[in-house]
2 protein chains.
Amino acid sequence: MDNAAPQSPAGLSTSPSWLLNQTASHAARLLSEGFAAHDLRGYHYRLLASLAEDGPASQADLGRRCGIDRSDVVAAINDLAGRGLVVRAPDPADRRRNVISATDGGADEARRMGATLERVQADLLAPLSATEREQLTRLLTRLLRHHSRH
Amino acid sequence: MDNAAPQSPAGLSTSPSWLLNQTASHAARLLSEGFAAHDLRGYHYRLLASLAEDGPASQADLGRRCGIDRSDVVAAINDLAGRGLVVRAPDPADRRRNVISATDGGADEARRMGATLERVQADLLAPLSATEREQLTRLLTRLLRHHSRH
DNA sequence: GGTGTTACGTTGGTGCGACCAACGTTGGTT
DNA sequence: AACCAACGTTGGTCGCACCAACGTAACACC
C-alpha cells in the first residue's frame, strides 16, 4: 500500500535537536521555494538585507554581519553585482577592500524578498498564537546568544 | 582590527526562521562533531536508532520512519553493513525487499551514539530550564505536526 | 492469465549551506 | 626593513535533502 506518513525514529521524536533540525529543514525548504521566485537564494537575501538596512560594507565585514564565510561572500556578491543589485567599488582608504553598496534596484529587491520572507514565516508559524511565537523567538534567541559567546 | 563578532542582518535577528536556522545549524555542527568520534554521521544514527528501537524493516520503510530518501538509505545502509553494524537480508515474503536488522554491535553503537546525542543536547540546552526545554519541545512539535499533514 | 499499475532497491545526479586551505596583495607594527 | 594581520579570491570538501530513471517483483482487475 505504501501508506504511512514520514515519522521520526522513536526515541528521537522528542529530542530537541531532532525537532530543531526538522523544523529548520522545513523552514529552509519553504524559504528556498519562496526565494526561487526571485531567482535568488538565502545567501543573497542575507547580504542584500544587510546592505539595505545597515549600509555599505567591505566583503569581510559583510561576511561577519551575515555569518557567511568570506569565500562564499565573493560568489554571492558576484551574482548580485551581475544583476545590478549591488555595486562593488574599491575602497580609496584601503586598497585591500571593496566597498559593497546596494543599488536602488537592490534595495527594492531586498524589500520584495523581505515580503516573501514574511509570507513564508506566516505560513510556517500558522499554528502558533502571537504569544507562542514570541515565546519561541525568546527561547531561540537565548540559545543563540549563549552559544555565540562560546 | 578585525573585531566584531558574527552578527545577524539587522531585520533578521528577530525573525523566527533565521533563529531556527541558526540554532539548528549550530546544533547540527555540535552533533556532527560528536558523531565524528564514532566515525558516523546523522543519517547513520537515525537509521541505527530506528532499527534498534523499532526493529527490523525494509529499506523503504526505514526511509519513511526516518524521513530519509530511499536513495540515501541505500548508501547509509551500505556503510553500516560494511561495518557489521547492520545486516541486509532478502525478504522471503517479498523478493523486492531487503530486511535490515541491527546486529548486536549495531545496537551497542546505537546506544553509544545515543549517549553522545544526550551529551550534545545537554550542552545545547544548557541555558534553558527544564520547563523552558519542555516549552521549546512542545512548540516545535506542534509546528512539525501541523506541517507534516500538509 | 495476461495486463497495467504500484512498490522496491539502486544508480547517478542536483542544489544549498557551511567550512577550510592557500595565495598574492595591502596595511599596520615595531 | 621585516613581520604579521587582514583582505579578496580561487578551488576545493562535506553533509543533508531531493529528484529522475531503471529493472525487478508484487498486486489488482478483468
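The values are calculated or read from the model by the stated rules, or taken from the named source; none is laboratory data. Quick caveat, the model's predicted, so the values are computed rather than measured. We place every Cβ from the backbone using ideal geometry, glycine too, and count neighbours over all the protein chains shown. Just the protein is used for accessible areas: all its heavy atoms, side chains included, with ligands, DNA and RNA removed. Shrake-Rupley method; radii C 1.70, N 1.55, O 1.52, S 1.80 Å.
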| Single unsatisfied condition, residue B:131 versus (1) within 16 Å of DNA strand D (Cβ to nearest atom); (2) open to solvent by 40 Å² or more (accessible area, probe 1.4 Å); (3) more than 15 Å from the chain's Cα centre (by Cα) | (1)
| task | Would you check which residues across segment B:54-77 are touching a His at 6+ places or on another chain (Cβ under 6 Å) and more than 10 Å from DNA strand D (Cβ to nearest atom) and list them? | result | none
| message | Condition first: more than 20 Å from the chain's Cα centre (by Cα) and among the small types (Gly, Ala, Ser). Can you find one or more residues in segment B:99-110 that meet it? | response | no
| said: If the requirement is being within 15 Å of DNA strand D (Cβ to nearest atom) and open to solvent by less than 60 Å² (accessible area, probe 1.4 Å), which of these qualifies: B:51, B:80? | reply: B:80
| field | Those residues of segment A:1-29 which are surrounded by fewer than 19 Cβ atoms within 10 Å (Cβ to Cβ), more than 7 Å from chain B (Cβ to nearest Cβ) and either at pLDDT 95 or above or part of a helix (DSSP H, G or I) (or both), in sequence order | value | A:13, A:25, A:29
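Quick check on my filter: what residues within segment B:83-92 are hydrophobic (A, V, I, L, M, F, W, C) and open to solvent by 60 Å² or more (accessible area, probe 1.4 Å)? If you could, list the steps in order and put the result at the bottom.
Restricting attention to segment B:83-92, the residues satisfying the condition of being hydrophobic (A, V, I, L, M, F, W, C) are B:85-87, B:89.
The one that is hydrophobic (A, V, I, L, M, F, W, C) and open to solvent by 60 Å² or more (accessible area, probe 1.4 Å): B:87.
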| remark: Filter segment B:36-46 for residues that are more than 7 Å from DNA strand D (Cβ to nearest atom) and away from every other protein chain (no Cβ under 11 Å); the one that is surrounded by the most Cβ atoms within 10 Å (Cβ to Cβ) is B:44
| query | Name the pairs: first residue in segment B:123-150 and at negative phi and of a type in the set (Lys, Arg), second residue open to solvent by less than 60 Å² (accessible area, probe 1.4 Å) and in a helix (DSSP H, G or I), Cβ to Cβ under 8 Å, at least 6 apart or on different chains? | reply | B:133/A:16
